[in-house]
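Written out below as structure tokens is the structure these notes cover.
The values are calculated or read from the model by the stated rules, or taken from the named source; none is laboratory data. The structure displayed is predicted, hence computed values, not measured ones. Note that we place each Cβ from the backbone using ideal geometry, even for glycine, and neighbour counts take in every protein chain shown.
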Amino acid sequence: MFAEAEAVEEDGGGGEDEEEPAAAPKTAKRKPAARKTKKAVPDPDADSAEEDEKPAARKKAAKKKDEDAPIDVPEEFDTAAMWERAHRCGKYVGAHVSAAGGAWNAVVKSVGIGGTAFALFVKNQRRWTSPPIAANQITAFKAACTAAKLDPRKHLLPHGSYLINLASVDADKATQAFDAFVDELKRCEELGIGLYNFHPGAALKEPRDEAIARIASRINAAHKQTESIVIVIENMAGQGTVIGNTFEDLRDIIALVEDKRRVGVCLDTCHAFAAGYDIRTPETYAATLSTFSTTVGLPYLRALHLNDSKEPLGSKKDRHENLGKGKIGWEAFRCIMNDDRLNGLPMVLETPREDGPQGDLVYRREVELLYSLVGKGVGEVPDGV
Ligand SMILES: [Zn+2]
Ligand SMILES: [Zn+2]
């Protein structure tokens, strides 16, 4: 399933499998036009070069025109109740949504599930390269965010490609990974997005401390090639040789990052639980947050992934489950939804769901259930459960 099975870890669910690149052509017309333009590059030695050039130039112009054509984005979404609810409790909850047809579609999907935060892929997450984001897609995305009253600097948390292993020691693989990493960061900046979440990587056969140093040095290099994006490291479940399953790993990477204003952590509840951090009771939840606070520091916590776990505590297996149906249970999510220290952070569901509208209903319900936990006492479950 993955190019470097050990380097990447399945995040489960999230509708991530059949994802289209964010820059996917809007119309069926554009795809063949773009492809033919490439093939029709004139060969200077060929007699027909001049003839070939004309259709190529025409097609290029047609493609440019297509990218300039404005995309019809709704001018306003009915989001007043969603935002009122989120502002009242300070919790910005949503899901990882599909960006098929362009990133602006992810905004529409997120609004559809009642999300006041969301994740998306900014290019095809299973390919190394994707075409640049078309100008009209950037405009449409920004317009959609404005229409939904979403601040892309605060409420969005794109997820990095699964192929990227920033700990790679092999020169060619490291270059490929780094280039793809910077490309994704730049795409985020083009879209006006402030945070970018990624899996730190895997040590494979190399010593862990050296792998950690390589990850940090590549974050430093990526900072220098970008303007403002905050690189958010996700904690991992601990499968294979992955880095980031302990809070100490996260601390050690951050310690080597030069620009500390532009690095943070995304805490995935399923990964933390699989890695051995219990959060099932108010006491264990408090202890885990306290360990994070003393080891990494709460100011570095920039986002959460809200997932239940199919596997037990400490299993090291990354298998997401729908909220309340796994080994973690509702109490952890009740604690989260009533913890003021987490106010303002994007919280993103990556729970299992089918593709399509049925899957969106799963997210819609989970968002509702989470908000219904606000104000509930110890041991209480969401409304309707
Ligand atoms: Zn992830
Ligand atoms: Zn996650």
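If I ask for residues that are β-branched (Val, Ile, Thr) and not in a helix (DSSP H, G or I), which ones from segment 207-249 would you list?
Thr226, Ile229, Val230, Ile231, Val232, Ile233, Thr241, Val242, Ile243, Thr246
Looking at Ala99, is it in a loop (DSSP other than H, G, I, E, B), over 13 Å from Leu150 (Cα atoms), in contact with a helix residue (DSSP H, G or I) (Cβ under 6 Å, 6 or more places away or on another chain) and modelled with pLDDT of 95 or more? Walk me through it before giving the result.
Values: in a loop (DSSP other than H, G, I, E, B): yes; over 13 Å from Leu150 (Cα atoms): yes; in contact with a helix residue (DSSP H, G or I) (Cβ under 6 Å, 6 or more places away or on another chain): yes; modelled with pLDDT of 95 or more: yes.
Answer is yes for this residue.
Taking Asp360, is it among the acidic types (Asp, Glu) and over 29 Å from Gly101 (Cα atoms)?
So Asp360 does not fit the description; no.
Residue by residue, here is whether (1) within 27 Å of His199 (Cβ to Cβ); (2) in contact (Cβ under 8 Å) with a residue 24 or more places away in the chain holds:
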site: Ala103; (1), (2): yes, yes
site: Val111; (1), (2): no, yes
site: Ala119; (1), (2): yes, yes
site: Val122; (1), (2): yes, yes
site: Thr129; (1), (2): yes, yes
site: Ala134; (1), (2): no, yes
site: Ala140; (1), (2): no, yes
site: Thr146; (1), (2): no, no
site: Arg153; (1), (2): yes, yes
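If Thr129 satisfies all but one of (1) surrounded by 21 or more Cβ atoms within 10 Å (Cβ to Cβ); (2) modelled with pLDDT under 95; (3) away from ligand 1 (no atom under 16 Å from the Cβ), what's the number of the condition it fails?
(1)
Out of all the residues in segment 318-360, which are without any contact (Cβ under 8 Å) to a residue 12 or more places away in the chain and either of a type outside the set (S, T, N, Q) or touching a Ser or Thr at 6+ places or on another chain (Cβ under 9 Å) (or both)?
Glu354, Gly356, Pro357
Which one of Asp308, Asp318 is within 19 Å of Arg364 (Cα to Cα), within 14 Å of ligand 2 (Cβ to nearest atom) and not basic (Lys, Arg)?
On the way: Asp318 fails: within 19 Å of Arg364 (Cα to Cα).
Going through Asp308, Asp318 in turn, the sole match is Asp308.
Which of the residues belonging to segment 217-257 are farther than 21 Å from Lys186 by Cα, within 16 Å of ligand 1 (Cβ to nearest atom), of a type in the set (A, V, I, L, M) and without any contact (Cβ under 8 Å) to a residue 60 or more places away in the chain?
Scanning segment 217-257 gives Leu250, Ile253.
Taking segment 111-127 as the region of interest, how many residues are among the aromatic types (Phe, Trp, Tyr) and under 26 Å from Asp68 (Cα atoms)?
1
How do the pairs read when you match residues in segment 265-286 that are outside the structural domain of Lys316 (by TED's automatic domain parsing) with residues anywhere that are within 16 Å of ligand 1 (Cβ to nearest atom) and part of a helix (DSSP H, G or I), using Cβ under 7 Å and keeping only pairs 6 or more apart or on different chains?
none
Can you pull out every residue in segment 335-349 that is within 16 Å of ligand 1 (Cβ to nearest atom) and part of a loop (DSSP other than H, G, I, E, B)?
First, the residues of segment 335-349 that are within 16 Å of ligand 1 (Cβ to nearest atom): 345-349.
Hit for segment 335-349 is Leu345, nothing else.
With Ile229, Ile193, Ile253 as the choices, which residue is touching a Gly at 6+ places or on another chain (Cβ under 8 Å) and either at pLDDT below 95 or closer than 22 Å to Asn124 by Cα (or both)?
From the options Ile229, Ile193, Ile253, the qualifying one is Ile229.
Which of the residues that make up segment 192-214 are of a type outside the set (Gly, Ala, Ser) and within 16 Å of ligand 1 (Cβ to nearest atom)? I'd like the intermediate steps shown before the answer.
Within segment 192-214, the subset of a type outside the set (Gly, Ala, Ser) is 193, 195-200, 204-210, 212, 214.
Leu195, Tyr196, Asn197, Phe198, His199, Pro200, listed by residue number.
With the requirement that a residue be touching a helix residue (DSSP H, G or I) at 6+ places or on another chain (Cβ under 9 Å) and buried (at least 20 other Cβ atoms within 10 Å of the Cβ), what does segment 334-351 give you?
Hits for segment 334-351 are Arg334, Cys335, Ile336, Met337, Leu342, Met347, Leu349, Glu350, Thr351.
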